[in-house]
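Taking it in order: structure first as structure tokens, then the write-up.
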Amino acid sequence: MIRIASLAALAALTFTAVAAAEPARPMLKQSATVSGDLVRIGDLIDNAGIVADVPVFRAPNLGQSGTVSAASVIEAVRSHAIIGLDTRGIVDVTVTRPGQAVSGRDIQKTIARLISNAYALGNAEDVAVTFEREPRGFHVELSASTEPRVLQLGYESRTGRFDVQLEYAGHRPMRWTGTALPTVAAVTMVRSVGRGEIVRRDDVAIERRPKTQTDRDTLATVDAVVGRAARQALRAGNAVRGADLMKPEVVQRDASVTLVYAAPGITLTVRGKANEAGAEGDLISVTNLQSKRVIQGTVAADGSVIVHSSTPRIVANLEPAAEQRATQQK
């Protein structure tokens with residue numbers, strides 16, 4: 001009995017050794033991820049053995065996927081000693097070639113940075129790049145740098161024209177032309193407003209405009225605009241300048257106003273008519289309705305017009321009845 005048991009143990013060990021020495025069965029994959037231009041047997045089949053590195057198909061373009069039928073795989077590996085391939089019922093294998101995306105926006109930002117640094121245009125984010133022909137995005141290998149090699153960088157400061165040639169890893173040189181213009185923040189009208197109309201917050205927005213389209217009077221903050229009145233009609237889309245605005249008019253042309261004559265120790269009020277519109281602090285022409293004389297005064301916040309004693313012609317403009325009342329008060 002002891003000898004029989006020993007023989008049985010020896011047979012079991014021999015079977016285990018043979019099983020361990022037998023290579024694993026090759027099996028078709030459901031999907032594969034590849035790098036480079038070629039798809040190899042090992043990308044498509046597990047346990048491909050010594051032929052795993054043999055190329056059999058061309059890979060999809062960077063950043064794209066494709067499919068290859070199981071029948072095509074079997075045919076491709078037929079001459080490479082793949083014995084007993086288990087397809088596991090798979091009909092098609094999906095092959096993906098991942099990559100880093102370089103978008104048209106990325107190209108735009110790169111050119112803005114290169115030109116800004118080379119020609120001292122200021123912050124690259126404030127440089128507006130416009131292409132004659134919009135760049136198309138592409139991919140580079142995951143292991144590659146997305147920073148291009150600069151082959152040519154030409155820029156005309158006066159016109160903003162550029163001519164740039166760049167080379168990205170795995171791609172032939174690419175050339176782009178267009179304009180690159182430094183910009184500034186500018187308050188622009190969202191809707192049109194008429195003369196004298198108060199500008200509200202919803203009427204304006206901040207946009208970046210090329211410096212060549214603005215001047216020193218162009219306003220850059222919303223607070224400088226909101227609550228002020230349009231000195232002239234402001235059209236939607238236009239940048240707003242300081243000269244385009246004024247304080248809101250508190251006196252309208254031909255409106256009835258109170259004329260206030262102020263002098264040390266005396267104040268007189270008479271009825272008048274505004275000959276022109278005015279905002280607080282404006283010097284406007286008014287008519288004394290009693291004397292029919294035309295005088296000038298400063299518009300007050302309450303809509304009255306202050307006539308100061310230092311203004312020439314004032315004494316002559318006072319109506320006699322008002323002068324008499326002033327004398328009697330003394």
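Of 187, 299, 204, the residue with the greatest mean-square motion in the GNM of the chain, using alpha carbon springs below 10 Å, is 299.
Of interest is the spacing of the C-alpha centroids, which for region 44-60 and region 64-117 amounts to 13 Å. Taking every lysine pair in the chain that is 8 or more places apart or spans two chains, those with Cα atoms closer than 28 Å amount to 5.
Phi angles of region 48-57 translate, via the Karplus equation with coefficients 6.51, -1.76, 1.60 and θ = phi - 60°, into HN-Hα couplings of 7, x, 6, 9, 4, 8, 6, x, 10, 9 Hz per residue; Gly and Pro are given as x. Residues whose amide H lies under 5 Å from that of residue 261, counting only those 5 or more places away or on a different chain, are 268, 269, 270, 307; hydrogens are built 1.01 Å from N in the peptide plane.
Averaging the sequence gap over all C-alpha pairs within less than 8 Å and six or more residues apart, then dividing by the number of residues, gives the chain a relative contact order of 9 percent.
Using the Karplus relation 6.51 cos²θ - 1.76 cosθ + 1.60 with θ = phi - 60°, the per-residue 3J(HN,Hα) values for region 170-181 come to x, 10, 6, x, 10, 10, 9, 10, x, 10, 10, 10 Hz, with x marking Gly and Pro.
Springs between Cα atoms under 10 Å define the GNM used for the chain, and in it the highest mean-square fluctuation of 31, 145, 79 occurs at 79. Which one, [x] 85, 24, 13; [y] 30, 24, 19; [z] 91, 25, 16, gives semi-axes √(5λ) of the Cα gyration tensor in Å as derived from the coordinates shown? Here semi-axes √(5λ) of the Cα gyration tensor in Å agrees with entry [z]. A cut-off of 5 Å between modelled amide H atoms, ignoring neighbours fewer than 5 places along the same chain, links residue 275 with 254, 285, 286, 287. Taking the fewest neighbouring Cβ atoms within 10 Å as the starting point, the ordered list for 87, 267 is 267, 87. Here the residues 282, 244, 254, ranked from fewest to most Cβ neighbours within 10 Å of their Cβ, fall in the order 254, 282, 244.
Distance from the Cα centroid of region 248-267 to that of region 167-215 is 44 Å (rounded to whole angstrom). When the helices of the chain are scored as -39500 (n - 2.57) per DSSP H run of n ≥ 4 and the total is divided over every residue, the value at 222 nm lands at -5500 deg cm²/dmol.
Read-outs throughout are calculated quantities, based only on the coordinates presented, and are distinct from any laboratory measurement. All figures in this text were calculated on a predicted structure; none of them were measured in a lab. All Cβ positions, even for glycine, are placed from backbone atoms using ideal geometry, and neighbour counts span all protein chains on display.
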